[in-house]
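Working notes, beginning with the structure itself.
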Amino acid sequence: MKVLITGSNGLIGSEAVSHYDREGHEVHGIDNNLRREFFGPQGDTRWNLERLRHTTRHFRHHELDIRDRQKIIDLFKSEKFDLIIHCAAQPSHDKAREIPFVDFDVNAVGTINLLETTRLTNPEAVFIFMSTNKVYGDAPNEIPLKELPTRWDYARPEDFNGVREDCRIDRTMHSLFGASKTAADVVAQEYGRYFGMKVGIFRGGCLTGENHSGVQLHGFLSYLVKVALAGESYTIFGYKGKQVRDQIHSADVLAAFAEFTKKPRPGEVYNLGGGRENSASILECIQKIEALTGKKISYTYTDQARAGDHICYISDLRKLKSHYPDWKISHSLDRIFGKMVGALQPA
């Protein structure tokens, strides 16, 4: 099988490269290290590209920009891809307000460039789009909550499993990043439903892992571990630090993609996160990292929450598990923390 992965230097992209290379497939990656431009030296992913070059056997890197339609067309014409995993994005909720044109061109226009080129060159290919839970905007904040000592949680028993895919995606504040990803999400659905292409849309929660180039504006858990180990200060934005996210390791993301590839459902949407079992608030994450490292984390608090941010977000995984019963979470929250701290601590 010939596989194309966009954003191949990033967290999910690099995991996909390694996964399909191990299986002996011909793997192509697109990445132009735009993350460094977005976030500065800390966001640079070139180290991950070098790691992949040294650890893979069937990987070919393309220094391309998904906004460059003609170059994308030329690549797809020269290489007939059987599977496209689209992870490339401007990923920051906050950064988008500074670069709205770039954000929309990368997230929305780049996605339709890839979808339409796939349709024209190999419409039978499987296309996986890495979307985001930010397509729901702040609608999840309307779910009744209760305040506990270290976290917010859902107040009603019927909400225990988290946010479902039928949560609305309009009439809500998204952030510009959320809006551009929503545009891409809906377009991807349309290529599945209207054209009958094998397109799957995965709305990620907090995707994480030891190969994440986390920065303050994106990659919460990776950045928090880095701050802890470096003895720097972390800033908590609003909600008393009790805001909750569900963490999913990149390997479990790839396992979900693999299941979809075996039996694709055109235009289907899935929430993809760690679920209830891997949920934690910022305060709880700080406590876990302190216990693991023996280091006290210094942090400051500001009452001003990020616009459109979720107070409590847990991905309801029941739809994904019902469609693909062989998929499950293999990385517990404690295992994720252990791998991240182990990778970042000096030898």
Specify which of the listed residues (ASP44, ASP68) is closer than 20 Å to VAL106 by Cα, modelled with pLDDT under 95, surrounded by fewer than 24 Cβ atoms within 10 Å (Cβ to Cβ) and of a type in the set (D, E, K, R). ASP44
Among (1) at pLDDT 95 or above; (2) among the hydroxyl-bearing types (Ser, Thr, Tyr); (3) surrounded by 16 or more Cβ atoms within 10 Å (Cβ to Cβ), there is one condition TYR299 misses while meeting the rest; what is its number? (1)
Modelled with pLDDT under 95 and of a type in the set (Ser, Thr, Tyr): does that describe THR261? no
Pair list, Cβ under 6 Å, 6 or more apart: the stretch 160-173 residue under 10 Å from TYR136 (Cβ atoms), other residue aliphatic (A, V, I, L, M) and not in a strand (DSSP E or B): CYS167/ALA139; ARG168/ALA139; ILE169/VAL135; THR172/ALA139
Hey, PHE195 part of a loop (DSSP other than H, G, I, E, B) and within 26 Å of PRO264 (Cα to Cα) or not: yes
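If you take the residues of the stretch 150-163 that are in a loop (DSSP other than H, G, I, E, B) and touching a strand residue (DSSP E or B) at 6+ places or on another chain (Cβ under 7 Å), which of them is farthest from ILE201 (Cα to Cα)? Break it down into steps so the answer makes sense when it comes.
Taking the stretch 150-163 and keeping what is in a loop (DSSP other than H, G, I, E, B), we get 150-151, 155-156, 160-162.
Among the residues that remain, those that are also touching a strand residue (DSSP E or B) at 6+ places or on another chain (Cβ under 7 Å) are: 150-151, 155, 160, 162.
On the way: THR150: 33, ARG151: 29, ALA155: 29, PHE160: 23, GLY162: 18 Å.
The qualifying residue farthest from ILE201 (Cα to Cα) is THR150.
With the condition being in contact (Cβ under 8 Å) with a residue 60 or more places away in the chain and not polar (S, T, N, Q), I'd like the strands (runs of 3 or more DSSP E) fully within the stretch 256-343 carrying at least 3 qualifying residues.
Numbers: elements: 268-272, 279-281, 298-302.
Those strands (runs of 3 or more DSSP E) span 268-272.
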Only one of (1) over 30 Å from ILE282 (Cα atoms); (2) among the polar types (S, T, N, Q); (3) at pLDDT below 95 fails for GLN189. Which number is that? (3)
Checked GLY200, GLY209 against criteria (crowded, with 22+ Cβ neighbours inside 10 Å, in contact (Cβ under 8 Å) with a residue 24 or more places away in the chain, more than 21 Å from VAL106 (Cα to Cα) and among the small types (Gly, Ala, Ser)); the one match is GLY209
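Collect the residues in the stretch 120-165 that are of a type in the set (D, E, K, R) and either in contact with a Phe, Trp or Tyr (Cβ under 8 Å, 6 or more places away or on another chain) or closer than 20 Å to PRO91 by Cα (or both), keeping them in residue-number order. Before you say what the answer is, go through the steps one by one.
Start the filter on the stretch 120-165 by keeping residues that are of a type in the set (D, E, K, R), which leaves 124, 134, 138, 142, 146-147, 151, 153, 156, 158-159, 164-165.
Matches in the stretch 120-165: LYS134, ASP138, LYS146, GLU165.
Taking VAL225 as the residue in question, decide whether it is among the aliphatic types (A, V, I, L, M) and either modelled with pLDDT of 95 or more or touching a Phe, Trp or Tyr at 6+ places or on another chain (Cβ under 7 Å) (or both).
Values: among the aliphatic types (A, V, I, L, M): yes; either modelled with pLDDT of 95 or more or touching a Phe, Trp or Tyr at 6+ places or on another chain (Cβ under 7 Å) (or both): no.
It is false that VAL225 is among the aliphatic types (A, V, I, L, M) and either modelled with pLDDT of 95 or more or touching a Phe, Trp or Tyr at 6+ places or on another chain (Cβ under 7 Å) (or both).
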Exactly one condition in (1) closer than 21 Å to ILE12 by Cβ; (2) more than 15 Å from the chain's Cα centre (by Cα); (3) in a strand (DSSP E or B) is false for PHE129; which is it? (2)
Suppose the filter is over 27 Å from GLY40 (Cα atoms), small (Gly, Ala, Ser) and in a helix (DSSP H, G or I); does ALA188 pass it? yes
Name the single residue that is surrounded by the most Cβ atoms within 10 Å (Cβ to Cβ) among those in the stretch 159-181 being more than 25 Å from ALA280 (Cβ to Cβ) and in contact with a helix residue (DSSP H, G or I) (Cβ under 7 Å, 6 or more places away or on another chain). SER180
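I'm checking my understanding of the structure. Among residues of the stretch 98-114 that are β-branched (Val, Ile, Thr) and touching a residue at least 60 places away in the same chain (Cβ under 8 Å), which one is farthest from TYR191 (Cα to Cα)? First the steps, then the outcome.
From the stretch 98-114, those β-branched (Val, Ile, Thr) are 99, 102, 106, 109, 111-112; that's our starting set.
Narrowing the set further to residues that are touching a residue at least 60 places away in the same chain (Cβ under 8 Å) leaves 99, 106, 111-112.
On the way: ILE99: 27, VAL106: 18, THR111: 11, ILE112: 9 Å.
So, considering only residues that are β-branched (Val, Ile, Thr) and touching a residue at least 60 places away in the same chain (Cβ under 8 Å), the one farthest from TYR191 (Cα to Cα) is ILE99.
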Of (1) part of a helix (DSSP H, G or I); (2) loosely packed, with under 15 Cβ neighbours inside 10 Å; (3) in contact (Cβ under 8 Å) with a residue 40 or more places away in the chain, GLU124 satisfies every one except (1)
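The values are calculated or read from the model by the stated rules, or taken from the named source; none is laboratory data. Computed from a prediction, not measured in an experiment: that's the story for all the values here. Here the Cβ is made from the backbone with ideal geometry for all residues, glycine too, and neighbour counts use every protein chain on show.
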